[in-house]
1. Six or more apart or on different chains, Cβ atoms under 9 Å: show the pairs whose first residue is in segment 126-144 and closer than 23 Å to Val234 by Cα and whose second is hydrophobic (A, V, I, L, M, F, W, C) and modelled with pLDDT of 90 or more.
2. Given the criterion under 27 Å from Leu245 (Cβ atoms) and surrounded by 12 or more Cβ atoms within 10 Å (Cβ to Cβ), identify the matching residue among Met134, Met130, Met142.
3. If only one of Thr145, Thr133, Thr157 is closer than 17 Å to Asp227 by Cβ and assigned to a helix (DSSP H, G or I), which one is it?
4. Any idea which of (1) in contact (Cβ under 8 Å) with a residue 60 or more places away in the chain; (2) under 30 Å from Leu85 (Cα atoms); (3) surrounded by 16 or more Cβ atoms within 10 Å (Cβ to Cβ); (4) of a type in the set (A, V, I, L, M, F, W, C) is the one Leu166 doesn't satisfy?
5. Please go through segment 154-195 and give me each residue that is at pLDDT 90 or above and on the phi > 0 side of the Ramachandran plot, ordered by number.
6. Cβ-Cβ under 7 Å, sequence separation 6+ or interchain: first residue in segment 70-87 and without any contact (Cβ under 8 Å) to a residue 40 or more places away in the chain, partner assigned to a helix (DSSP H, G or I). Which pairs?
7. Taking segment 95-109 on its own, how many of its residues are without any contact (Cβ under 8 Å) to a residue 40 or more places away in the chain and open to solvent by 70 Å² or more (accessible area, probe 1.4 Å)?
8. Just name the residue that is surrounded by the most Cβ atoms within 10 Å (Cβ to Cβ) out of those in segment 170-201 that are in contact (Cβ under 8 Å) with a residue 12 or more places away in the chain and β-branched (Val, Ile, Thr).
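The values are calculated or read from the model by the stated rules, or taken from the named source; none is laboratory data. This one's a predicted model, so the numbers in the text were calculated from it and none came from an experiment. So basically every Cβ, Gly included, is an ideal-geometry build from the backbone, and we count neighbours across all protein chains shown. Accessible surface is based on the protein model in full, side chains and every heavy atom, while ligands, DNA and RNA are left aside. Shrake-Rupley method; radii C 1.70, N 1.55, O 1.52, S 1.80 Å.
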Amino acid sequence: MTTTRPARLEVPATRAALPVLRRPRLPFSPWHLLLVPLALVFAAPLGWLLLSSVMSNAEINRFPPALWPSHVDFSGYRYVLENALFVRWFTNSLIVSAVTVVSNLLFGTLGGYAFARMRFTGSRVLLALMVATMAVPFQLTMIPTFLVMKELGLIDTLGALIVPSLVTPFAVFLLRQFFLSLPRELEEAAWIDGCSRLRVLFTIVLPLSRPALSTVAVLTFLSTWNDLTWPLIVVNHDTTYTLQLGLTTFQGQHHTNWAAVMAGNVITVLPVLLAFLGAQKTFIQSVTASGLKG
């Protein structure tokens, strides 16, 4: 019994091909239509800060407020830079932030690598307890930390600002997550060649961990540089003030030199902006890589 195939429909060759309609492509991503207005909204306070720093006190206190300075006035910057204590406050903040960043990178690297690659008794419990401390607000540990600093004799010194932040659970956890994303084969090859664990860490692992190290450095610098609550508690003398605490002294009881306050805030924000702009590329890489494994 033979079967016949159904006849194949033939498209007439004379029929012209229909034109294909293509959507017009934008020279930028459609998300930019939403992100650019949001960016302008978030940048508005910074723009107002820059403009008001070159205004006079009369223009700043005028109602309705002036949106644009009638003339550029640098009296606020002169007042800030001629204040000898401002340079001291800037130096104190720089010392505290630099030491805190370096210590978090060192101890966070050692702790994160230990939790990522070494298995010892109670490692999982210790890691869980460390992560749980990240959920404890600073207000609950503020008084015990103050009593510890008092027993150590560090009150009203820069040591009281540095010691509690020598290493943070966030730095250890973030670096641990990033180390888990690195292939073990690289380390095993170095162990076969006779490298010790510390040598493997500093010569192989750390060069590959620059995105995570940059992220820890930037976030630690931001939190330390902008901290006001803890210096307000443990520092009493004006020579040991940080920059954030020193700027509050510009706000007097009966008169506030707003031009100096704005100029001081501009100088304070500049290191933060430079730190973020210098590490914005590696920041995204670190967050992406550290979330690959739990």
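1. Met134/Phe170; Met134/Phe173; Phe138/Trp230; Met142/Trp230; Met142/Ile233
2. Working: Met134 fails: surrounded by 12 or more Cβ atoms within 10 Å (Cβ to Cβ); Met130 fails: under 27 Å from Leu245 (Cβ atoms).
Of the residues listed, the single one that is under 27 Å from Leu245 (Cβ atoms) and surrounded by 12 or more Cβ atoms within 10 Å (Cβ to Cβ) is Met142.
3. Numbers: Thr133 fails: closer than 17 Å to Asp227 by Cβ; Thr157 fails: assigned to a helix (DSSP H, G or I).
None of the others qualify; the one that does is Thr145.
4. (3)
5. Passing the criteria: only Asp156.
6. Pairs that qualify, where the first residue is without any contact (Cβ under 8 Å) to a residue 40 or more places away in the chain and the partner is assigned to a helix (DSSP H, G or I), are Ser70/Glu59.
7. As a first pass, look at segment 95-109 and keep what is without any contact (Cβ under 8 Å) to a residue 40 or more places away in the chain: 98, 102, 106.
Still in the running and open to solvent by 70 Å² or more (accessible area, probe 1.4 Å): 102, 106.
Qualifying residue count for the region: 2.
8. Val172
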